[in-house]
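Engineer: Take this structure first; my questions come after.
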Amino acid sequence: MERSNRIRNSEKGTTLLEVMVASVLLTTGLIAACLTVGAGILSMHISKQQLTAKQKAREALESVFMARNTQNIVFNQIRNVSDTTTFTPPVAGIFIDGWQAIRAVGADGIANTADDATEPIETVTLPGSDDLVGTADDEVRLLTNFERRITLTSVLLANGNPDPDVRQIIVEVRYELHGIWRTLRVASLVSRFT
């Protein structure tokens with residue numbers, strides 16, 4: 001009899017409580033793994049948008065430096081339209097105030113100026129499933145959910161007066177992703193001298 005009790009005791013199975021605890025632990029692990037994969041996919045999507053925003057901000061900044069270097073504009077034009085600073089001779093600022101749709105640059109070759117208004121919204125070409133740009137499966141996206149703002153401000157000297165030869169330029173690009181606007185900012189100084 002003692003031997004039969006030992007056999008019965010060694011054949012005990014897993015209790016319902018042990019199965020439930022194991023199921024909860026397994027489910028928690030699977031949910032965590034799914035959330036991690038989801039966060040990774042979202043992060044990849046955001047990084048594509050951030051890369052596009054950074055590129056469009058840098059392009060705008062470079063267009064200002066190029067126009068200054070090639071002397072297509074005079075330094076005193078490197079101001080916002082609303083800047084009422086007077087210069088001798090009087091020169092108006094050329095950069096439109098506020099957020100603007102990202103359009104192809106107009107005839108002056110400078111982003112966010114009045115002649116851009118007639119240009120189409122820019123597009124960006126992304127690689128398709130083969131991860132190569134320039135093939136038949138490329139994806140062309142219209143940048144309708146992107147906007148750019150260029151703000152120019154005076155740099156103050158130690159005596160509190162504006163430096164006549166240097167301005168700060170801030171190019172911001174914002175984009176909407178899942179109903180949330182995110183903003184990328186690039187700042188630099190631009191001087192009268194090349």
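The values are calculated or read from the model by the stated rules, or taken from the named source; none is laboratory data. Predicted model, so just to flag it, every value in this text is computed and none were measured. Methodologically, a virtual Cβ is constructed for each residue, glycine included, from the backbone with ideal geometry; neighbour enumeration extends over all protein chains shown.
Engineer: Being under 16 Å from Leu152 (Cβ atoms) and among the polar types (S, T, N, Q) is the requirement here; does Thr84 meet it?
Structural biologist: Numbers: under 16 Å from Leu152 (Cβ atoms): yes; among the polar types (S, T, N, Q): yes.
Yes, satisfied.
Engineer: In region 157-189, which residue that is basic (Lys, Arg) and within 17 Å of Glu59 (Cβ to Cβ) is surrounded by the fewest Cβ atoms within 10 Å (Cβ to Cβ)?
Structural biologist: Arg185
Engineer: Same structure again: Would you confirm whether any residue within region 82-99 is closer than 18 Å to Arg58 by Cα, surrounded by 16 or more Cβ atoms within 10 Å (Cβ to Cβ) and small (Gly, Ala, Ser)?
Structural biologist: No.
Engineer: Could you please give the count of residues in region 47-102 that are modelled with pLDDT under 90 and among the acidic types (Asp, Glu)?
Structural biologist: The number of residues fulfilling the criteria is 1.
Engineer: Given the structure, is Thr194 modelled with pLDDT under 90, in a loop (DSSP other than H, G, I, E, B), loosely packed, with under 14 Cβ neighbours inside 10 Å and more than 15 Å from the chain's Cα centre (by Cα)? First the steps, then the outcome.
Structural biologist: Details: modelled with pLDDT under 90: yes; in a loop (DSSP other than H, G, I, E, B): yes; loosely packed, with under 14 Cβ neighbours inside 10 Å: yes; more than 15 Å from the chain's Cα centre (by Cα): yes.
Yes, satisfied.
Engineer: Take Met44 and decide whether it is more than 19 Å from Arg149 (Cα to Cα), hydrophobic (A, V, I, L, M, F, W, C) and either surrounded by fewer than 17 Cβ atoms within 10 Å (Cβ to Cβ) or without any contact (Cβ under 8 Å) to a residue 60 or more places away in the chain (or both). Don't jump to the end; show me each part of the working.
Structural biologist: Working: more than 19 Å from Arg149 (Cα to Cα): yes; hydrophobic (A, V, I, L, M, F, W, C): yes; either surrounded by fewer than 17 Cβ atoms within 10 Å (Cβ to Cβ) or without any contact (Cβ under 8 Å) to a residue 60 or more places away in the chain (or both): yes.
Answer is yes for this residue.
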